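The values are calculated or read from the model by the stated rules, or taken from the named source; none is laboratory data. Note that the structure is a prediction, hence the values are computed from the model and not measured. Here the Cβ is made from the backbone with ideal geometry for all residues, glycine too, and neighbour counts use every protein chain on show.
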Amino acid sequence: MTAVGSVRIVPELRAAHVERHLLGTPAELLYLEPNYDLAGTALADGIRRVTLAGALRRFFTTAARTLEVPEPLWMRFWPKHVALAVGFKAAGAIRGRKHRVVTYAMENNDVATLVGGRRGAPAWMVRAAAVLIGATARVTIDRIAFASAAARDAYARLPFTAGIEQATTIELPRPAASRTEATPLTCVFVGVMEERKGVRELMGAWTTVETMLPGARLVMVGPGPLQAEAASWAAASPGSRHVVGRLPHAEATTILQAGTVLVAPSVPDGRWKEQIGLPIKEALAAGLTVVTTAQTGLAPWLAEHGHEVVGLDRPAFRGRLAFAIARALRAPLDRDAVRSTLPRRDGRLSADAWLHGAEPHLAGPAPTRPAEVVA
């Protein structure tokens, strides 16, 4: 393998990581676990699975001087985040080399929710966690790129993080290379079939859509604990409901691109909140109209550009979701017009180039102040 200047750590490797690895700044990619959608995806050179201990050992032999770690507000991964960041810095000090640690931040939830979930946590515990995470980030991280304004705001509430060199992009995709035609009145859901992805809310809303819009069809793609329940529900009306289940990423993308509307009705679940949503990005790249909730960090951009963003007031949510889906199916946005609103370069790749030093101008003139760069 040719020597590269960076190492990336990925806790759970997805097909999108493999694609980004081929397009982004040259780096060695080390991953801890595979994601379900990796099936059928060939791993490129420079990608290998390691344990945490194996990654730490690699830091003492790699020629790379930059390490990209998962973001510090990923709470369940935070102990490993600290071990990796400190380990890379320590390896640099022992080897007499300057090592940099960078991170890409998507988390848009507040610290109180991340610490206490639905049950909440004492104020002192929330403050202590914020100080600990903020202080550790300030000491170990050299650059941080935010995927959305919501993510930037979440980190701005942590003490000390204003001192980290930072930039903000909007993680929008570039248009897909080929243009696809939509199947009329077809709504597609792609994702893990579980409560937090709004699967039950979608099934409840879809029964209303069927009465409002005869001929509409819903295709649900993805595995998960609610797949059997969704399949049973679909069997009651096979003309308008179809559950596919687990598919390789390429096949799921083909189904998504043939749809008219992507529905991504994510709802809050404990400490979790939708950050961006890969299916949303892939739908936009193909020119689909998106129906989603205010959970995603892309919500302000989507609403501004004519997509449907549904509020999460629970008593009325299913009804509002049904009306939003029906509106989008009746009058979808022009696919070429959707594609024309996207940047020429994927926002994640722009952030990647800046994080790894290829585009220092993205940081803005003052490295200690956040800079807004809208992709």
Original post:
Only one residue in Gly204, Gly134 is in contact with a Phe, Trp or Tyr (Cβ under 7 Å, 6 or more places away or on another chain) and at pLDDT 95 or above. Which one?
Top reply: Gly134
Original post:
Does the range 192-244 hold any residues that are in a loop (DSSP other than H, G, I, E, B) and over 22 Å from the mean Cα position of the chain (by Cα), and which are they?
Top reply: Leu213, Pro214, Gly215, Ala216, Ala236, Ser237, Pro238, Gly239, Ser240
Subject >> Among the candidates Ala162, Ala137, Ala105, residue that is touching a helix residue (DSSP H, G or I) at 6+ places or on another chain (Cβ under 9 Å) and over 26 Å from Leu56 (Cα atoms) >> reply: Ala162
**OP:** Please enumerate the residues belonging to the range 179-201 that are β-branched (Val, Ile, Thr), at pLDDT 95 or above and more than 23 Å from Trp272 (Cβ to Cβ).
**Re:** Thr186
Subject >> Residue list for the range 5-25, filter: surrounded by fewer than 18 Cβ atoms within 10 Å (Cβ to Cβ) and more than 17 Å from the chain's Cα centre (by Cα) >> reply: Gly5, Leu22, Leu23
Original post:
Taking the range 169-211, which residues are surrounded by fewer than 24 Cβ atoms within 10 Å (Cβ to Cβ) and polar (S, T, N, Q)?
Top reply: Ser178, Thr180, Thr183, Thr186, Thr207, Thr208, Thr211
**OP:** Answer yes or no as to whether Leu114 is assigned by TED's automatic domain parsing to the domain that holds Asp153, at pLDDT below 95 and either touching a Ser or Thr at 6+ places or on another chain (Cβ under 6 Å) or part of a helix (DSSP H, G or I) (or both).
**Re:** yes
Subject >> Extreme residue, surrounded by the most Cβ atoms within 10 Å (Cβ to Cβ), among residues of the range 49-102 that are in contact with a Pro (Cβ under 7 Å, 6 or more places away or on another chain) and within 12 Å of Ile9 (Cβ to Cβ) >> reply: His81
Original post:
Just a yes or no: is a residue in the range 112-129 in contact (Cβ under 8 Å) with a residue 60 or more places away in the chain and closer than 25 Å to Arg8 by Cα?
Top reply: yes
**OP:** Please enumerate the residues belonging to the range 12-31 that are in a helix (DSSP H, G or I) and touching a residue at least 40 places away in the same chain (Cβ under 8 Å).
**Re:** Ala15, Ala16, Arg20, Leu23
**OP:** Answer yes if at least one residue in the range 281-288 is under 17 Å from Ala176 (Cβ atoms), of a type in the set (Asp, Glu) and modelled with pLDDT of 95 or more, and no otherwise.
**Re:** yes
Subject >> Single residue of the range 34-81 satisfying the filter (assigned to a helix (DSSP H, G or I) and aliphatic (A, V, I, L, M)) that is modelled with the lowest pLDDT >> reply: Leu38
**OP:** Among the candidates Gly96, Gly87, single out the residue that is at positive phi and at pLDDT 95 or above.
**Re:** Gly96
